[in-house]
Amino acid sequence: MSYQGGYPQQYGAPPPQGYQQPPPNQYPPQGYPPQHQSYGPPPPPSQGYGQGGQSGAPHGGYLQGATIGPGRPPPSQQQQQGGYAPQAHYNQGYPPPQQPPYGAPSHSPYPPQQGYPPPQQPYGAPPQSPNPQQQGHPPSQQSPYGAPPPQGQYPPQQYGAPTPNQRYGQPPPLQQNTYGTPPQALPYGAPPPQSYGAPQTVPTPPSPGYVPGQVAHVDMSRQADECRKAMKGLGTDEAALIRVLTRIAPLEVPVIKETFRQRHGRDLEHDVEKEVSGHFELCLLSILRGPLQQDVWCLNKALKGAGTDEDLLNEVLIGRSNADMQAIKQAYHHTYHRSLEHDVRDDLSAKTERLFSMILSATRQEESAPVIPQSIEVDVTEIHRCTEARVGAEQLTVCSLLSKRSDAQIRAIAHAYEHRYRRSLEKVFIHEFSGHMEDVLVQMVRCGTDRAMRDAINIEHAMAGMGTKDEMLVTRIVKLHWDPAHLQQIKGAYKARYRQDLIGRVRGETSGDYGRCLVAMLQ
């Protein structure tokens, strides 16, 4: 089944002469239609999530009341064009990003914590971008929505070129070739415009902290001296350690450790281990490992001993870019002198082991790869054939398909599947799969359709029920605090889903220096 009038093509050059333009009553030329409705003028775009996380038309497969382990998410709001708020920069030397991630709504679905939700915008008017800044981080300088960058800053980039900054653990967004100008649509079946010999995709660079030897050129002498003063002599100034260590950026972690060694002749991690204990120690050491070594440490913890910590394995490996996955595998081998693929094969079995082998192969489409409507339709047909259209799912076919698609392509697949079959892709996977494989596939879909909501639900998962899963809570908050802009989106998603403030929820579940450290990372 195909949509009337065909799918519009990706951003790019105008169609060659001689092609027939699509009929006027077709979806607007921004990719897949954001809403299920009859052809005609679309309604005003909704702002953020509705109360209680409910929406008029579920998208991306979030299910009301469904559970995976302790919990499943509710239906998410209809997809919109644009993206999450840009990433705030750390200290000095980090230029602000110019635009949101590719494939997400054109304005953030999660507004700032005050005044949620923002007022409705007239149809066609540019939405107001949220302010992702929190105290402790310098403000980002941004141009108005749809306006070109100021003179002397970044020049316009070609379609598919990566931006210098990106979210932690996430590929960079695509740029429009003309600011504020909608792309032109091509007739159904027309090939995407391209130049002979031009590359189709641009490899995504590693996230900050995932290149060995890459450091920030900053002076961390004051921070190193404050840490030494906090631990010197009798007693420990825990508040000073929290104040300093929860405010360092990924590329500053090796700088403060080396500065501490040069100025005081001591190992910062070793001193922290001696001075503090318990979950507070886990918080500080997780920060001092930095993003890459923390991932490696978590993987070893998930795989060693009897049994496998499946949640921790999922937390580290699902939704990663190819560059980050390669960096993780190399760092794991360098640290433990074993292959990560070999250790995963030894711990898992059967089809789940095959699924993780596909994930570890790091053969996903880059986020700069175009989302081609005809290819999306083929994927939707194949997923349906392997699941609902037969008795017993062809599990490995679905795993192979999903593990090779980018987040933007998974988002398009989920929307097209729901539009054609009136059933969310997440609900299909819950019905057709089970156990660890079900969890992995559902997490893949959530990463593609709404990463911030996925992360908000996972944080609540660590606190829900009898007792708090403290180690998982620490792991997730430390991982997410490296990107303040994305963390702002998570806080907005959490409030939309659970109708309470994330910081207040964490403060109520934790105590002492451990709780104060987590709250400081969330602020």
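The values are calculated or read from the model by the stated rules, or taken from the named source; none is laboratory data. Predicted model only: the values in this text are computed from it and were never measured. Note that we place each Cβ from the backbone using ideal geometry, even for glycine, and neighbour counts take in every protein chain shown. SASA here: full protein model, heavy atoms, side chains in, ligands and nucleic acids out. Shrake-Rupley method; radii C 1.70, N 1.55, O 1.52, S 1.80 Å.
Look at (1) of a type in the set (A, V, I, L, M, F, W, C); (2) open to solvent by less than 10 Å² (accessible area, probe 1.4 Å); (3) under 13 Å from the mean Cα position of the chain (by Cα) and you find that M444 fails only one, number (2). Say whether the condition of being charged (D, E, K, R), in a helix (DSSP H, G or I), open to solvent by less than 30 Å² (accessible area, probe 1.4 Å) and at pLDDT 95 or above is met by at least one residue in the range 374-386. Scanning the range 374-386, I find at least one residue that is charged (D, E, K, R), in a helix (DSSP H, G or I), open to solvent by less than 30 Å² (accessible area, probe 1.4 Å) and at pLDDT 95 or above, so the answer is yes.
For the range 298-307, give me each residue that is buried (at least 19 other Cβ atoms within 10 Å of the Cβ) and without any contact (Cβ under 8 Å) to a residue 60 or more places away in the chain. Residues satisfying the conditions are L299, A302, L303.
Annotation note: of R505, R476, R497, the sole residue that is over 25 Å from I413 (Cα atoms) and open to solvent by 30 Å² or more (accessible area, probe 1.4 Å) is R505. Search the range 258-297 for residues being among the acidic types (D, E) and under 24 Å from N314 (Cα atoms), and hand back the single one that is surrounded by the fewest Cβ atoms within 10 Å (Cβ to Cβ). Top of the filtered list is E281.
Flag: A323 matches the condition of being open to solvent by 10 Å² or more (accessible area, probe 1.4 Å), of a type in the set (G, A, S) and at pLDDT 95 or above.
Listed here are the residues, each with its yes/no results for (1) closer than 20 Å to L312 by Cβ; (2) modelled with pLDDT under 95.
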| site | (1), (2) |
| --- | --- |
| V440 | yes, no |
| A452 | no, no |
| M472 | yes, no |
| K479 | yes, no |
| R499 | no, no |
| G504 | no, no |
| Q523 | no, yes |
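I want to confirm something. Restricting to the range 359-373 and keeping residues that are open to solvent by less than 30 Å² (accessible area, probe 1.4 Å) and either of a type in the set (A, V, I, L, M) or not in a loop (DSSP other than H, G, I, E, B) (or both), which single residue is farthest from K301 (Cα to Cα)? Ranking the qualifying residues of the range 359-373, first place goes to P373.
Before we move on, is V255 under 30 Å from N322 (Cβ atoms) and either assigned to a helix (DSSP H, G or I) or open to solvent by 10 Å² or more (accessible area, probe 1.4 Å) (or both)? Criteria met by V255.
Whether a residue is in contact with a Gly (Cβ under 7 Å, 6 or more places away or on another chain) and either open to solvent by 10 Å² or more (accessible area, probe 1.4 Å) or among the acidic types (D, E) (or both) was assessed, and R516 does not pass this test.
Looking only at the range 326-352, residues that are open to solvent by less than 90 Å² (accessible area, probe 1.4 Å) and within 25 Å of the chain's Cα centre (by Cα) come to 10 in all.
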